[in-house]
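Report on the following structure.
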Amino acid sequence: MQDKRSHPRVSVDIRVTCEPKDGSPFAGVVKDISIGGMFVEAAEQPPFGTEVTIIARLPGMKSDSRLPGVVRWSKPGGLGIQFGLLGARETHAISELMKG
């Protein structure tokens, strides 16, 4: 299967809270991340197109970040999030993660 991602990903293990726009917050764990999005391992899977805010403490950050995104796919056990417009600090933190 060909990987259609436009950004390389790096494996991580970051606990997050997912806040769907029209739903209840739920916990998850980010398993991989790129500048374009992330995979969140979670028991809940909001439907495709759901706007979410991911609350996470990115490595190197002193406080939690609020990352806007949209659910692009879901399957039992997790969901794929495409980021919306990220702030400069969040973009820098994810870029530093990508360097390994």
Could you say whether any residue in region 46-54 is loosely packed, with under 12 Cβ neighbours inside 10 Å and either at positive phi or in contact with a strand residue (DSSP E or B) (Cβ under 9 Å, 6 or more places away or on another chain) (or both)?
yes
If you check PHE39, PHE83, PHE26, which single one turns out to be farther than 22 Å from GLY100 by Cα and of a type in the set (Phe, Trp, Tyr)?
PHE26
Lone unmet requirement of (1) touching a residue at least 40 places away in the same chain (Cβ under 8 Å); (2) touching a strand residue (DSSP E or B) at 6+ places or on another chain (Cβ under 6 Å); (3) in a loop (DSSP other than H, G, I, E, B) for GLN82
(3)
If GLY78 passes every condition in (1) closer than 17 Å to HIS7 by Cα; (2) among the small types (Gly, Ala, Ser); (3) buried (at least 16 other Cβ atoms within 10 Å of the Cβ) but one, which one does it miss?
(1)
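Taken together, the values in this text are just the output of simple stated rules run on the coordinates, not laboratory data. Just so we're clear, the structure is a prediction, and the values are computed from it rather than from any experiment. Glycine also receives a Cβ, built like all others from the backbone with ideal geometry; neighbour counts cover every protein chain displayed.
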